[in-house]
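Here's the structure we're looking at; comments come further down.
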Amino acid sequence: MKRAFFLLSIILTSFFFSSCGPSYDGYMTRSYNIRGQQYYPMSVDEALTYDETGIASWYNESSFFGLKRGNTSLGEKVMPWDMIAAHKTLPLPCVVKVTNLENGKSVKLRMNDRGPFIDGRIIDVSPRAAKKLGFKKQGLSTTRVQVLSVGDGSYKRKAKRKKRFFFF
């Protein structure tokens, strides 16, 4: 009985922690095709200055109680509590700061998937991110997306933001 409990503990622990942390070295900038439309991700240098305002939505590629996990474009396993996002043309992976312009809340997210493929939307976020940003119930919100870094491991490059000085 103790052995069965021990094995079950090992299996559950590995399942829950398998979605933690990055699993991709470098960055992905190759073009791809979705529903007959070709997308061309921006270069790393372009992405490091990315700062855009637009509509965000949330999506769920996984479930918790069904023990089914989703896979991202990078092949990472994801769970509903992961703080992740999807974008059509940013290099993957990258870290972004998303600010809900309707309430001022912001979060840092790991961009590791492609989407949203609905006109007028610039980013899809995970359910947990949508809740922290305060728009899960509404489904959509006006947000600002700023790239903080691109790549993982030794390939990681940080964005350089210009400092603004205000004189009164």
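With the condition kept exactly as written, say whether any residue in segment 30-48 is within 14 Å of Val147 (Cβ to Cβ), out of contact with any Phe, Trp or Tyr (no Cβ under 9 Å at 6 or more places or on another chain) and among the acidic types (Asp, Glu).
Quick first cut of segment 30-48, residues within 14 Å of Val147 (Cβ to Cβ) only: 41-48.
Subsequent filtering for residues that are out of contact with any Phe, Trp or Tyr (no Cβ under 9 Å at 6 or more places or on another chain) retains 43, 45-46, 48.
The next check asks that each one be among the acidic types (Asp, Glu); those that pass are 45-46.
So far as segment 30-48 goes, yes, one or more of its residues are within 14 Å of Val147 (Cβ to Cβ), out of contact with any Phe, Trp or Tyr (no Cβ under 9 Å at 6 or more places or on another chain) and among the acidic types (Asp, Glu).
Against the condition crowded, with 23+ Cβ neighbours inside 10 Å and acidic (Asp, Glu), how does Asp82 come out, does it pass?
yes
Go through the residues of segment 31-47 one by one and say whether even a single one is at pLDDT 75 or above and in contact with a Cys (Cβ under 8 Å, 6 or more places away or on another chain).
Within segment 31-47 (the criterion being at pLDDT 75 or above and in contact with a Cys (Cβ under 8 Å, 6 or more places away or on another chain)), the answer is yes, since at least one residue qualifies.
Specify the residue that is modelled with the highest pLDDT; the eligible residues are those in segment 62-79 that are within 12 Å of Arg114 (Cβ to Cβ) and surrounded by 14 or more Cβ atoms within 10 Å (Cβ to Cβ).
The qualifying residue modelled with the highest pLDDT is Ser73.
Which condition breaks for Lys97 when tested against (1) at pLDDT below 95; (2) surrounded by 14 or more Cβ atoms within 10 Å (Cβ to Cβ)?
All conditions are met except number (1).
Rundown of residues vs (1) assigned to a loop (DSSP other than H, G, I, E, B); (2) touching a residue at least 60 places away in the same chain (Cβ under 8 Å); (3) aromatic (Phe, Trp, Tyr); (4) within 15 Å of Leu92 (Cβ to Cβ), yes/no style:
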site	(1), (2), (3), (4)
Asn112	no, yes, no, yes
Lys137	yes, no, no, no
Gln146	no, yes, no, no
Ser154	no, yes, no, no
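Could you look through segment 89-110, keep only residues that are part of a loop (DSSP other than H, G, I, E, B) and more than 11 Å from the chain's Cα centre (by Cα), and pick out the one that is nearest to Val147 (Cα to Cα)?
Here the residue is Pro91.
The values are calculated or read from the model by the stated rules, or taken from the named source; none is laboratory data. It should be emphasised that the depicted structure is a prediction, and the values quoted were computed from it without experimental measurement. All Cβ positions, glycine included, derive from the backbone under ideal geometry; neighbour counts span all protein chains shown.
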